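To start, the structure under review is shown below, and the notes come after it.
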Amino acid sequence: MKKIFLMGRSEAGKTSLTQALRGEELHYVKTQFTMSDPDAIDTPGEYSESKYFSLGLACFSFEADVVAVVQAADEPYNLFGACLHTFIERPLIGIITKTDSPYANVPMIRSWMENAGCERIFEVNNVTREGIEELLSYLKEDLPPLSFEEAKMKQDLGIREWDPLPLHP
Ligand SMILES: Nc1nc2c(ncn2[C@@H]2O[C@H](COP(=O)(O)OP(=O)(O)OP(=O)(O)O)[C@@H](O)[C@H]2O)c(=O)[nH]1
Ligand SMILES: [Mg+2]
């Protein structure tokens, strides 16, 4: 199971997503500090909303196998810049929550996530659990183990740890 790191504004639905992934009933708990369990790291929305706290995101993301930008389908503006993936040393994915919102604009949120460099984008409704199974099966696929030599070779070639090695000519 990949350990997922969740970042996104307050009320985006990060904690609800962790509950939906665990198969629990949704119960509102304001995230007051970074919470780490074996499968997920949940952060307070304020870390993504303030440049003073955002360093906390960078530190904790190294503990995860995959980093997720979580944005509700009805968010009015984007907090994340273009090409975010270039300074995150983990695969970056996007998760669009609240797809049931009457104000949902999924194509707009998708374009923000594509701009940020998300390699996969999932759409979920934490209340009905729509889309949760698809995200779970992605998380259940473990990343292939990497030996020290392979890691060094990839570093020398300037490619990311999780990218396949180029084919020999
Ligand atoms: N309709 C709908 N409501 C949702 C969905 N996901 C979360 N919510 C609701 O949105 C509110 C905020 O959800 P949280 O999961 O606490 O949001 P958060 O991103 O963890 O917020 P912080 O802890 O403040 O960073 C709660 O009342 C949830 O019940 C969803 O997919 N659909
Ligand atoms: Mg929370």
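The values are calculated or read from the model by the stated rules, or taken from the named source; none is laboratory data. These numbers were taken from a predicted model, which means no experiment stands behind them. Glycine also receives a Cβ, built like all others from the backbone with ideal geometry; neighbour counts cover every protein chain displayed.
Structure summary
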| item | result |
| --- | --- |
| Yes/no for SER147 being loosely packed, with under 13 Cβ neighbours inside 10 Å, among the small types (Gly, Ala, Ser), out of contact with any Gly (no Cβ under 8 Å at 6 or more places or on another chain) and under 16 Å from ALA68 (Cβ atoms) | no |
| Residues of segment 1-46 that turn out to be aromatic (Phe, Trp, Tyr), surrounded by fewer than 17 Cβ atoms within 10 Å (Cβ to Cβ) and more than 7 Å from ligand 1 (Cβ to nearest atom), as a count | 1 |
| Answer residue from segment 1-43, given it is of a type in the set (S, T, N, Q) and over 13 Å from the mean Cα position of the chain (by Cα) and is nearest to ligand 2 (Cβ to nearest atom) among those | THR31 |
| Residue within segment 44-51 that is within 14 Å of ligand 2 (Cβ to nearest atom), in a loop (DSSP other than H, G, I, E, B) and in contact (Cβ under 8 Å) with a residue 12 or more places away in the chain present | yes |
| Cross-chain or 6+ apart pairs with Cβ under 9 Å, segment 9-35 first and within 14 Å of TYR47 (Cβ to Cβ) and part of a loop (DSSP other than H, G, I, E, B), then among the basic types (Lys, Arg) and near ligand 2 (Cβ under 8 Å from one of its atoms) | SER10/LYS30; THR31/LYS14 |
| Matching option when the condition is within 16 Å of ligand 2 (Cβ to nearest atom) and farther than 14 Å from GLU11 by Cα, among GLY56, GLY94, GLY81 | GLY56 |
| Segment 88-98 - residue that is out of contact with any Gly (no Cβ under 7 Å at 6 or more places or on another chain) and assigned to a loop (DSSP other than H, G, I, E, B) and, of those, surrounded by the fewest Cβ atoms within 10 Å (Cβ to Cβ) | GLU89 |
| Any hit, segment 60-73, residues being at pLDDT 90 or above, assigned to a helix (DSSP H, G or I) and either within 16 Å of ligand 1 (Cβ to nearest atom) or among the polar types (S, T, N, Q) (or both) | no |
| Helices (runs of 4 or more DSSP H) wholly inside segment 101-169 that include at least 1 residues being modelled with pLDDT under 95 | 148-157 |
| Residue identified as touching a residue at least 60 places away in the same chain (Cβ under 8 Å) and over 14 Å from ALA72 (Cβ atoms) among ILE159, ILE132 | ILE132 |
| ILE121, sole failed condition from (1) of a type outside the set (D, E, K, R); (2) in contact (Cβ under 8 Å) with a residue 40 or more places away in the chain; (3) within 16 Å of ligand 1 (Cβ to nearest atom) | (2) |
